[in-house]
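Novice: Here's a structure for you.
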Amino acid sequence: MKYDNIKKAIFLRRPNRFIAEVDINGRREIVHVKNTGRCKELLIPGCEVWLTAPGTPDRKTTYDLVAVRKDTGVLFNIDSQAPNKVVKEWLDRQDYDRIVPEYKYGDSRIDFYMERGEERYLMEVKGCTLELNGIGYFPDAPTERGVKHLRELTVAVKKGYKAMLAFVIQMDGVAEVRANVVTHAEFGTALDEAKAAGVEVLFLQCHVEPNTLVIIE
């Protein structure tokens, strides 16, 4: 996945979860943050961030904030729409006969439905942007939606589907994601129940550049 244009800036502050104030070559600008998670360990005043200008008409902000360099020097993609895009590119390179994004199943929309021969697959995608001591953690804010999706996948296994939860690790150098039970214990419980029921958990490692995110194969 590649952004058509990218611009470097300095992060100043985040008044709320939707916007940030940045410095672009000495000019202050309000930009949209493409991640409603907390990102408190990433978005620290003075850090380097990267912006893209999608060019959508009638927007209140010109730029989207999509990447940030942590104080450890590691570059993170924090675009919450990026994981589904890179997973779709990755799935297209696998040998599925059919791939359907945003598949209606039960009371949810599961990110992907796939078919291979007679086998049916459901995949839910989660982007991981929280790292501590080389381990990824999810979520970085409570996610009732994430719990709901895990329970849908757990039921789907019992109905004959092959179900998968794919963590897209939006940083280099991390190979594992664990449930962040300190932030949301219920998610950890639902993940344990899903794995026990046969839901497969995938850790999709990525390489990040300011203008690209790609799954390492």
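Novice: Can you tell me how many residues in region 1-59 are of a type in the set (Lys, Arg) and either surrounded by 15 or more Cβ atoms within 10 Å (Cβ to Cβ) or farther than 30 Å from Ile216 by Cβ (or both)?
Specialist: Applying the first criterion (of a type in the set (Lys, Arg)) to region 1-59 yields 2, 7-8, 13-14, 17, 27-28, 34, 38, 40, 59.
Checking the rest, the ones that are also either surrounded by 15 or more Cβ atoms within 10 Å (Cβ to Cβ) or farther than 30 Å from Ile216 by Cβ (or both) come to 7, 13-14, 27-28, 34, 38, 59.
Counting residues in region 1-59 that are of a type in the set (Lys, Arg) and either surrounded by 15 or more Cβ atoms within 10 Å (Cβ to Cβ) or farther than 30 Å from Ile216 by Cβ (or both) gives 8.
Novice: Separate question: Condition first: within 27 Å of Asp95 (Cβ to Cβ), of a type outside the set (S, T, N, Q), at pLDDT 95 or above and surrounded by 19 or more Cβ atoms within 10 Å (Cβ to Cβ). Can you find one or more residues in region 185-200 that meet it?
Specialist: At the first step, the residues of region 185-200 found to be within 27 Å of Asp95 (Cβ to Cβ) are 194-195, 197-200.
Subsequent filtering for residues that are of a type outside the set (S, T, N, Q) retains 194-195, 197-200.
In the following step, the residues that additionally are at pLDDT 95 or above were identified as 194-195, 197-200.
From the residues that got through so far, the ones that are surrounded by 19 or more Cβ atoms within 10 Å (Cβ to Cβ) too are 194, 199.
Checked against the condition, which is being within 27 Å of Asp95 (Cβ to Cβ), of a type outside the set (S, T, N, Q), at pLDDT 95 or above and surrounded by 19 or more Cβ atoms within 10 Å (Cβ to Cβ), region 185-200 yields at least one hit.
Novice: Regarding Leu204, is this residue in the same structural domain as Val100 (by TED's automatic domain parsing), touching a helix residue (DSSP H, G or I) at 6+ places or on another chain (Cβ under 8 Å), free of Cβ contacts under 8 Å to residues at least 60 places away in the same chain and surrounded by 15 or more Cβ atoms within 10 Å (Cβ to Cβ)? Before the answer, list the steps.
Specialist: Values: in the same structural domain as Val100 (by TED's automatic domain parsing): yes; touching a helix residue (DSSP H, G or I) at 6+ places or on another chain (Cβ under 8 Å): yes; free of Cβ contacts under 8 Å to residues at least 60 places away in the same chain: no; surrounded by 15 or more Cβ atoms within 10 Å (Cβ to Cβ): yes.
So Leu204 does not fit the description; no.
Novice: Still on this structure, I have one more. Listed residues Leu132, Leu122; which is within 29 Å of Val66 (Cβ to Cβ), surrounded by fewer than 16 Cβ atoms within 10 Å (Cβ to Cβ) and not assigned by TED's automatic domain parsing to the domain that holds Val66?
Specialist: Numbers: Leu122 fails: surrounded by fewer than 16 Cβ atoms within 10 Å (Cβ to Cβ).
Of the residues listed, the single one that is within 29 Å of Val66 (Cβ to Cβ), surrounded by fewer than 16 Cβ atoms within 10 Å (Cβ to Cβ) and not assigned by TED's automatic domain parsing to the domain that holds Val66 is Leu132.
Novice: Can you find a residue in region 142-158 that is modelled with pLDDT of 95 or more, surrounded by fewer than 16 Cβ atoms within 10 Å (Cβ to Cβ) and of a type in the set (Gly, Ala, Ser)?
Specialist: No, region 142-158 contains no residue that is modelled with pLDDT of 95 or more, surrounded by fewer than 16 Cβ atoms within 10 Å (Cβ to Cβ) and of a type in the set (Gly, Ala, Ser).
Residue by residue, here is whether (1) assigned by TED's automatic domain parsing to the domain that holds Asp95; (2) under 15 Å from the mean Cα position of the chain (by Cα); (3) aliphatic (A, V, I, L, M) holds:
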| site | (1), (2), (3) |
| --- | --- |
| Gly117 | yes, no, no |
| Glu152 | yes, no, no |
| Val157 | yes, no, yes |
| Phe167 | yes, yes, no |
| Gly173 | yes, no, no |
| Ala196 | yes, no, yes |
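Novice: Anything in region 158-170 that is closer than 20 Å to Leu91 by Cα and either out of contact with any Lys or Arg (no Cβ under 9 Å at 6 or more places or on another chain) or outside any loop (DSSP other than H, G, I, E, B) (or both)? List them, or say none.
Specialist: Within region 158-170, the first condition is being closer than 20 Å to Leu91 by Cα, and the residues that meet it are 161-170.
The answer is Lys162, Ala163, Met164, Leu165, Ala166, Phe167, Val168, Ile169, Gln170.
The values are calculated or read from the model by the stated rules, or taken from the named source; none is laboratory data. Predicted, not measured: the structure shown is a model, and the values here were computed from it. Positions of Cβ are backbone-derived with ideal geometry, glycine not excepted, and every protein chain shown enters the neighbour counts.
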